[in-house]
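Trainee: For reference, the structure I am asking about is given below.
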Amino acid sequence: MEKFTGIFPALITPFDKDGRIDAEMVERVVESCLAKGVNGFYVGGSTGESYLLTAEERRYMLEQVVKAVDGRGRIIANIGVFATAQGIELAKHAESLGVSAISSVPPFYFPFNMDEYVQYYNDLAESVSVPVIIYNIPAMSGITFKTSDIERFFTNDKIIGMKHTSYDLFQLQRVLEEYPEKSVFCGHDELFLSAAAVGVQAGIGSTFNFMAEKFVKIQKLVSENRWTEAQSVQNEANAVIEALCKVGVFKGVKAALKLQGLDCGECRKPFQPLHESQVQMLRNVLEENGCL
Ligand code: MN9
C-alpha cells in the first residue's frame, strides 16, 4: 500500500442550531480544506468530538464525509472506543464505506496492560481488510507507549502506521528510522516542522480545519530546502495554536471556522461556549497571522 503523506485535517463535527450533525457544513468544510490542498481527512477523532457522539452519529458523520470527499482524498476513520467488540463494529462499518485506513486511540479509562493493547490492535486488524493506524496520544489517553511497545504493534504488517500526538521527538525519530515503510503522522500541529526535520512526511491536525494552507506551504518549503521560510510559517501557525490552547483547542477551532464564515456550531456539552472576550482575542491573533 502506498504510504500516507501530506496534510490530513482531524475533521471537526459540525452541528446545526438544534445540535444535530450538519451535513451541509460537512461538505463546506471538506471543500474548503480540499481547495487548500489537503490530501485527505482523519474522521472521528478527538477534534471530531467522537466521545460526545452516539455510535449512530459517528457512523452518520463518516458517511457524510465519504460522500463529500467523493474520492478526492484518502479517509482515515478513527473508530476508537472502550470495548474491542464495539470497535470492530465501527471498523466494519468504516470498511464498508471504502475508507483507506482505520485508526484507534487505545481503549482508555480502564488501565489495560500492554498485552491487552497489542491484542486490541491485532483484533481490529484481523476484523477488516483495511490497514490500521495506531494512535499514540499520552496526554488524552493517559497511556504512554514506549518505543518497544510501538515495535510490538508494528510487527503486524496490517498495522501500517502511527499518529504520534506526543512531544517526544526522540521516540518519533527512532521509530521512523527503524520503520521507514510505515506511515507516521505528526499529530501535534505546533511540531509539524520539527517532525519534518526528523523525516515525517504526514500530519493529522485539528488546526488544519481552518489553516491547512500554512502546513501545505511548510511541506513545500521543506521539500525545497527553504527551512528559514518554513520556520516563519510555523511561527505564525504557532502563535495561533498558542491562542487556541488558551481557550481550549476544539472550541477554538470551531470559533476560528466561524470567524472565517463556516459556522459549525459549538462543541457539545459539557464543553461551554467561548466568552466574547476570548473570541475577540482569537480574532486578533487570527488576523495578525493571516488567517482572516
Ligand atoms: O489531532 C490534535 N490532537 C488533539 C490532532 O487534539 C489531541 C492536534 O491537532 C492538537 O489539537 C494541536 C494542539 O495541541 O496540535
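The values are calculated or read from the model by the stated rules, or taken from the named source; none is laboratory data. Not measured: the values here are computed from a predicted model. In this analysis, Cβ positions are derived from the backbone assuming ideal geometry, glycine residues included, and neighbour counts consider all displayed protein chains.
Trainee: May I ask you to verify whether residue 229 is among the charged types (D, E, K, R), under 26 Å from residue 201 (Cβ atoms), assigned to a helix (DSSP H, G or I) and in contact (Cβ under 8 Å) with a residue 12 or more places away in the chain? Break it down stepwise before answering.
Mentor: Working: among the charged types (D, E, K, R): yes; under 26 Å from residue 201 (Cβ atoms): yes; assigned to a helix (DSSP H, G or I): yes; in contact (Cβ under 8 Å) with a residue 12 or more places away in the chain: no.
No: the conditions fail for residue 229.
Trainee: Before we move on, is residue 242 among the acidic types (Asp, Glu), part of a loop (DSSP other than H, G, I, E, B) and modelled with pLDDT of 95 or more?
Mentor: no
Trainee: Another question, if that's okay. State whether one or more residues within the stretch 144-161 are free of Cβ contacts under 8 Å to residues at least 60 places away in the same chain and within 14 Å of the ligand (Cβ to nearest atom). Spell out the reasoning first.
Mentor: Of the residues in the stretch 144-161, the ones free of Cβ contacts under 8 Å to residues at least 60 places away in the same chain are 144-159.
This time we only want the ones that are within 14 Å of the ligand (Cβ to nearest atom), so: none.
Checked the stretch 144-161: no residue is free of Cβ contacts under 8 Å to residues at least 60 places away in the same chain and within 14 Å of the ligand (Cβ to nearest atom).
Trainee: Here is a check on your reading of the model: is residue 100 touching a residue at least 40 places away in the same chain (Cβ under 8 Å) and under 17 Å from the mean Cα position of the chain (by Cα)? Spell out the reasoning first.
Mentor: Working: touching a residue at least 40 places away in the same chain (Cβ under 8 Å): yes; under 17 Å from the mean Cα position of the chain (by Cα): yes.
Taking the combined requirement at face value, the residue satisfies it.
Trainee: Note down all Cβ pairs under 8 Å where the first residue falls in the stretch 281-292 and is assigned to a loop (DSSP other than H, G, I, E, B), the second is modelled with pLDDT of 95 or more and small (Gly, Ala, Ser), and they're at least six residues apart or on different chains.
Mentor: 289/237; 289/239; 291/256
Trainee: Moving on. Tell me, which residue of the stretch 183-194 that is farther than 18 Å from residue 33 by Cβ, within 15 Å of the chain's Cα centre (by Cα) and more than 8 Å from the ligand (Cβ to nearest atom) is surrounded by the most Cβ atoms within 10 Å (Cβ to Cβ)?
Mentor: So in the stretch 183-194, the residues farther than 18 Å from residue 33 by Cβ come out as 183-184, 188, 190-191, 193-194.
Then drop every residue that is not within 15 Å of the chain's Cα centre (by Cα), which leaves 183-184, 188, 190-191.
In the following step, the residues that additionally are more than 8 Å from the ligand (Cβ to nearest atom) were identified as 183-184.
Working: 183: 21, 184: 27.
Top of the filtered list is 184.
Trainee: So, of the residues in the stretch 40-56 that are more than 16 Å from residue 103 (Cα to Cα) and either in contact (Cβ under 8 Å) with a residue 40 or more places away in the chain or of a type in the set (Ser, Thr, Tyr) (or both), which turns out to be nearest to the ligand (Cβ to nearest atom)? Let's see the steps before the verdict.
Mentor: Taking the stretch 40-56 as the starting set, the residues that turn out to be more than 16 Å from residue 103 (Cα to Cα) are 52-54, 56.
From the residues that got through so far, the ones that are either in contact (Cβ under 8 Å) with a residue 40 or more places away in the chain or of a type in the set (Ser, Thr, Tyr) (or both) too are 52-54.
Numbers: 52: 14, 53: 15, 54: 21 Å.
So the residue we want is 52.
Residue-by-condition table, conditions (1) among the small types (Gly, Ala, Ser); (2) in a strand (DSSP E or B); (3) surrounded by 22 or more Cβ atoms within 10 Å (Cβ to Cβ):
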{"site": "29", "(1), (2), (3)": "no, no, yes"}
{"site": "32", "(1), (2), (3)": "yes, no, no"}
{"site": "51", "(1), (2), (3)": "no, no, no"}
{"site": "77", "(1), (2), (3)": "yes, yes, yes"}
{"site": "95", "(1), (2), (3)": "no, no, no"}
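Residue-wise test of (1) within 15 Å of the ligand (Cβ to nearest atom); (2) surrounded by 16 or more Cβ atoms within 10 Å (Cβ to Cβ).
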| site | (1), (2) |
| --- | --- |
| 197 | no, no |
| 201 | no, yes |
| 213 | no, yes |
| 222 | no, yes |
| 230 | no, yes |
| 244 | yes, yes |
| 253 | yes, yes |
| 263 | no, yes |
